């Protein structure tokens, strides 16, 4: 059944809104997957706050205009499912990578992050990107390390003095 013009406008507006707020996007070929498999993909995507949608390529091209994912426009061909990360840059890549391991017919074709179109080989690199909480944790550990090492170094001087005096006392008591 063909879509009416108003339905097409609504799809383009919805996809454009999601793309404007997304951190990264994945385009994958889904040919040969069953409805149950696609449902499983959508369930996992919802858990990770990833927007997943199968859209006609012409509608997707119009929706991606003016967003940082406009670089994907020329590469949209064939039946593709689009996934947009809304929580962190690597969430769509993690969902797609895990799903591709379980379903060999699911093939990632496009990866886009920061206005750049990457190849499917870069999927695992994007998937390894830390979440917001992990990035903050790494930053705090990096900031804390020099202070902790300085405190340990400054504490070593009086500690060594105390150990030396204790050794001299033990030597005098033994003699």
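The values are calculated or read from the model by the stated rules, or taken from the named source; none is laboratory data. These numbers were taken from a predicted model, which means no experiment stands behind them. Every residue, glycine among them, receives a Cβ derived from its backbone with ideal geometry; neighbour counts consider all protein chains shown.
Data table
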{"item": "Qualifying positions in segment 24-37 - part of a helix (DSSP H, G or I) and in contact (Cβ under 8 Å) with a residue 40 or more places away in the chain", "result": "37"}
{"item": "Any hit, segment 11-23, residues being within 22 Å of residue 94 (Cβ to Cβ) and assigned to a loop (DSSP other than H, G, I, E, B)", "result": "yes"}
{"item": "Any chance residue 135 is over 29 Å from residue 7 (Cβ atoms) and not assigned by TED's automatic domain parsing to the domain that holds residue 34", "result": "yes"}
{"item": "Selected residue (only one of 86, 53 is surrounded by fewer than 20 Cβ atoms within 10 Å (Cβ to Cβ), modelled with pLDDT of 90 or more and touching a strand residue (DSSP E or B) at 6+ places or on another chain (Cβ under 7 Å))", "result": "53"}
